[in-house]
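Undergrad: Have a look at this one.
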Amino acid sequence: MTDLRTQGRKGGMWNRMKDRGGRGDRSPLGLWFWDIDRVLLLLALLLIAIGLVAVGAASPAAAQRYSDEKHHIPPLFYLWWQLAWVGVSLPVLFAVSMLPVAFARRMALIGTVVCLVLLMLVPFFGIERNGATRWLDFGVSLLQPSEFLKPFFIVTTAWLLSLRAQDSDLPVVTITGALTALVALLLMMQPDFGQTVVFAAVWLALLMISGTPVKVMAALIGCVPAGLLAAYLFYDTARVRIDAFLFPGAEGGSDNFQTNAAHNAITAGGWRGTGPGGGTMKFRLPEGHTDYIFSVIGEEFGLVACAVIAILFLAIVVRVFVKLLDEQDEFRLFAAAGLATQFGAQALISMAVNTGLAPSKGMTLPFISYGGSSLIALSIGMGLLLAFTRRNPFVSRSPYIARWSGE
């Protein structure tokens, strides 16, 4: 009798273990694994891995640049710190991707309020770096509120725009426009013109995706040239960078030096690169481990590697939009599309600056540039993107799911 009971317990345990990892696994981890977009997750993890290699290549140059007679920074200092940040970011990415949609939306709304308050504190208590005040010092590390605000802002804006389906009279364009204007004002005070462009571009993209009337969109897009002209005339940061880009040798030569150094580095390696550790032009880059890491990749791993990275970013954006073609939930559609747009826009601007196609903006390359705030914030954004695109592919095929015609 004892043997039969023992065998029964072993048999039950075996059956439970046998289902683990399979499609019938009903544990929280099993449900998450089968519902998540595993291709999208793999692409994100691949970019993080490439980022570690790129930071390792750029770390010696950055360490030499920031070392002096009193302070010596080890050559791989930034690589070890990036490994630590990856160790923090990956659990954040996985945890956020497991959140239910309603909880993720609530977290984003609270996060938007908190980040706006922190952004308001930056001009008074912020730390200045390279002529800009964008960070708050929390002792253990510096925190850049604008990086964390991006994913929360997008989800909040998507939620506000989705409310129009419940009440068409809600002035969602005015409300989201006021929120965007507030963020832009706070960013321009730092100054951070690049992030301002990203927030405004994502807002316009969300308005377009949400079906804003053509007349309203035409009026808003028509304001873009006027806004750029006003920024050039009355905003010194924009004027200096545009002059340095369009008129080499004009006021703001330091920005022209950065773009020239980036262009020289990215073309120095040719198609196949000089090999890991073989680059020399990277030692002339002002921020080779952050803003200009794409140029370091070009020098040491070649233009082919740069093209592969660009294709990976494009694949993520295309993957998301293709997956959203049959999405019925307006909030999930707007939120996921906005997050993908922000991810692609930031990557595009960063690569354009590195290749000399755009003025210097201080924009990091997502998941590849060095930085704790950037990496954790991007992990939150990617986690939200995975949460909003998560779905059970077998639900729609089930004969037990009622389909209503809407009549």
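Undergrad: Local charge sum around Ala340 (other residues, Cβ-Cβ under 11 Å, Lys/Arg +1, Asp/Glu -1)?
TA: Numbers: positive: Arg319, Lys323; negative: none.
Net charge in that neighbourhood comes out at +2.
Undergrad: Could you work out how much longer the chain between Ala218 and Val88 gets when fully extended? Use 0.36 nm per residue separation minus the Cα distance between them, nm to one decimal.
TA: On the way: separation 130, 0.36 × 130 = 46.80 nm, distance 4.32 nm.
Contour length minus Cα-Cα distance gives 42.5 nm.
Undergrad: Label point 7 Å out from Leu121 along Cα-to-Cβ: which residues of the stretch 144-159 have amide N under 11 Å?
TA: 145
Undergrad: How would you rank 320-329, 71-80, highest first, on the average number of other Cβ atoms within 10 Å across their residues?
TA: Peptide ranking by packing, descending: 71-80, 320-329.
Undergrad: If you only keep lysine pairs separated by 8 or more in sequence, or across chains, how many in the chain come under 27 Å at the Cα atoms?
TA: Count of close lysine pairs: 5.
Undergrad: Keeping all protein chains in position, work out how much accessible area Ile154 exposes to a 1.4 Å probe, and write it in Å² to the nearest 10.
TA: 0
Undergrad: Mind pulling the angle between the C-alpha long axis of helix 214-234 and the longest principal axis of the chain? Nearest 10 degrees, somewhere in 0 to 90.
TA: Result, in degrees: 30.
Undergrad: 222 nm [θ] for the chain, helices only, -39500 (n - 2.57) per DSSP H run of 4+, per residue, to 500? Let's see the in-between values first.
TA: Values: 14 runs with 274 residues, N = 407.
Roughly -23000 deg cm²/dmol at 222 nm, from the helical runs in the chain.
Undergrad: Identify which of the listed values of semi-axes √(5λ) of the Cα gyration tensor in Å was calculated from the structure shown: (1) 38, 33, 24; (2) 39, 30, 19; (3) 37, 28, 19.
TA: (2)
Undergrad: Please list, ordered by chain and number, the residues whose modelled amide H lies under 5 Å from the amide H of Arg134; skip anything fewer than 5 residues away on the same chain.
TA: Ile127, Arg129
Undergrad: Using only Cα atoms and rounding to the nearest 10 degrees, what angle (0 to 90) does helix 193-209 make with the longest principal axis of the chain?
TA: Helix 193-209 sits roughly 40 degrees off the main axis of the chain.
Undergrad: For Ser168, what accessible area in Å² do you get when you roll a 1.4 Å probe over the heavy atoms of the protein chains, rounding to the nearest 10?
TA: 90
Undergrad: Could you please put Arg241, Arg129, Arg284 in sequence from largest to smallest accessible area, using a 1.4 Å probe?
TA: Ranked from most to least accessible, the order is Arg284, Arg129, Arg241.
Undergrad: Please list 3J(HN,Hα) in residue order for the stretch 127-135, calculated via the Karplus relation 6.51 cos²θ - 1.76 cosθ + 1.60 where θ = phi - 60°; whole Hz, with x for glycine and proline.
TA: Those phi angles translate into 9, 8, 9, 6, x, 10, 10, 10, 10 Hz.
Undergrad: Treating the angle as unsigned and between 0 and 90°, give the value, to the nearest 10°, between the Cα long axis of helix 172-188 and the longest Cα principal axis of the chain.
TA: 40
Undergrad: Same structure again: Bin width 10 Å, alpha-carbon pairs only: give the P(r) of the stretch 157-275 as whole percents, running from 0 to the bin holding the largest distance.
TA: That works out to 12, 31, 25, 19, 11, 2, in percent per bin.
The values are calculated or read from the model by the stated rules, or taken from the named source; none is laboratory data. The structure displayed is predicted, hence computed values, not measured ones. Counting neighbours? That spans all protein chains shown, and the Cβs are built from the backbone with ideal geometry, glycine included. Keep in mind that these areas ignore ligands, DNA and RNA; they rest on the heavy atoms of the full protein, side chains included. Shrake-Rupley method; radii C 1.70, N 1.55, O 1.52, S 1.80 Å.
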